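The values are calculated or read from the model by the stated rules, or taken from the named source; none is laboratory data. All of these numbers come straight from a predicted model, not from anything done at the bench. Here the Cβ positions follow ideal geometry from the backbone for every residue, glycine too, while neighbour counts run over all protein chains shown. All accessible areas refer to the heavy atoms of the entire protein, side chains included, with ligands and DNA or RNA removed. Shrake-Rupley method; radii C 1.70, N 1.55, O 1.52, S 1.80 Å.
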Amino acid sequence: MITQKNERMKTLIVIPAYNEADNLPAVLADLRRFYPEAEALIVNDCSTDDTAALLPSLGVDYLSLPVNLGIGGGVQAGYRYALERGYDAVVQFDGDGQHMAEYICKLLEPLEADQADLVIGSRFLEREGFQSSAMRRFGIRVLSGLIYSLCGLRVLDVTSGMRAANRNMITFFANHYAQDYPEPEALLSAGLRGARVMEIPVRMRERQGGKSSINPLHAAYYMIKVTLALLLSSVFGGKNAS
């Protein structure tokens, strides 16, 4: 069982970004409004737009990856950065404007109270704000049921990228993080390790600009790939769970 006691946690906001030049200024303005003490890190995943040129003017730390690693690789780079610099908590916060900074303090509260190791911001607990398409919601329900059947962890919004992790999970994710569409696999890994996972209700917006990388073809690939990855992780990951 993973346990940890934290007070006044040193927190890093990790913002993975691929072609988010249109969205990043507003994302950071939202952070500064609702969480002005934020220490943020933008992880530029080899963007092909103006993201790299924009980063020095944004006033926050950033990493520019030399090759495109995908969302999982970008997030893991953020966890490695946080681990090496002694952060107690990481908040994942998307660079596309969907996440709302007013919920960051609520994400952190269960970590600070030692009630959870990983906290998920869920769109589906109170069903307010942007809910995604009906097809995607169906896929999320399927993945939620699969994760529950494999490790007994019940999470409704398994693809939510808005989440907060404590020091123990930072250490784990810095060394073990799925590369493609990693959110469900990260939850399964946490469940297999006996981590305390909690969902809290949040609202999200639609993407504020740019283009999502997930189209219907990618969505079908996503479901097949993640389903197989979850099944394999439950077998091989379970053997190493501690």
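Using a/c under 1.5 as the rounded threshold, could you call the stretch 37-133 rounded, prolate or oblate? The axes a ≥ b ≥ c are square roots of the C-alpha gyration tensor eigenvalues, and prolate needs a/b larger than b/c, oblate otherwise. Mind dumping the intermediate values first?
Numbers: a/c = 1.93, a/b = 1.35, b/c = 1.43.
Oblate, because a/c is 1.5 or more while a/b does not exceed b/c.
Provide the solvent-accessible area of CYS46, counting protein heavy atoms only and rolling a 1.4 Å probe, rounded to the nearest 10 Å².
50 Å²
Within the chain, which is the longest segment containing none of the GluC sites (Glu not before Pro) that sit in a DSSP loop and have at most 15 other Cβ atoms within 10 Å?
On the way: sites that count: GLU7, GLU37, GLU126, GLU128, GLU206.
In the chain, the maximal stretch lacking such sites is 38-125.
Give me the dipole magnitude in Debye, nearest 20, for the chain about the Cα centre, with unit charges on the beta carbon: positive for Lys and Arg, negative for Asp and Glu. Can you show the working numbers first?
Working: 24 positive and 27 negative charges, 145 e Å.
Dipole of the chain, to the nearest 20 debye: 700 debye.
Is it possible to state the helix-based mean residue ellipticity at 222 nm for the chain, with each DSSP H run of 4+ residues giving -39500 (n - 2.57), the sum divided by total residues, to the nearest 500 deg cm²/dmol? What is it?
Working: 8 runs with 101 residues, N = 242.
Taking each H run of at least 4 residues, the total per residue is -13000 deg cm²/dmol.
Got a number for carbon plus sulfur as a percent of the stretch 56-165's accessible area, 1.4 Å probe? Please report the intermediate quantities before stating the final value.
On the way: 2320 of 4520 Å².
Using a 1.4 Å probe with all protein chains present, the stretch 56-165 comes out at 51 percent carbon and sulfur.
If you stretched the chain out fully between ARG32 and ALA134, how much longer would it get, using 0.36 nm times the residue separation minus the C-alpha to C-alpha distance? Can you show the working numbers first?
Details: separation 102, 0.36 × 102 = 36.72 nm, distance 3.32 nm.
Length gained, ARG32 through ALA134: 33.4 nm.
At a Förster distance of 25 Å, what's the computed FRET efficiency of LEU58 paired with ALA113, Cβ-Cβ distance as r, to 0.05?
Numbers: r = 32 Å, r/R0 = 1.29.
Result of the calculation: an efficiency of 0.20.
At 1.4 Å probe size, put PHE172, PHE34 in order of accessible surface, largest to smallest. Write out the running numbers ahead of the final one.
On the way: PHE172 30, PHE34 75 Å².
Sorted by accessible area, descending: PHE34, PHE172.
For the chain, place one equal point scatterer on every Cα, skip the solvent, and apply the Debye formula. What is log10 of I(q)/I(0) at q = 0.13 Å⁻¹?
Log-scaled intensity ratios, in q order: -0.75.
Under the 0.36 nm per residue contour assumption, what length would be gained going from the current alpha-carbon distance of ILE224 and ASP22 to full extension?
Values: separation 202, 0.36 × 202 = 72.72 nm, distance 3.14 nm.
Full-extension gain reported as 69.6 nm.
Test of the criteria: in the stretch 1-91, which trypsin sites (Lys or Arg not before Pro) are in a DSSP loop and have at most 16 other Cβ atoms within 10 angstrom of their Cβ? It would help to have the intermediate numbers written out before the result.
Numbers: sites: LYS5, ARG8, LYS10, ARG32, ARG33, ARG80, ARG85; in loops: LYS5, ARG8, LYS10, ARG85.
Answer by residue number: LYS5, ARG8, LYS10, ARG85.
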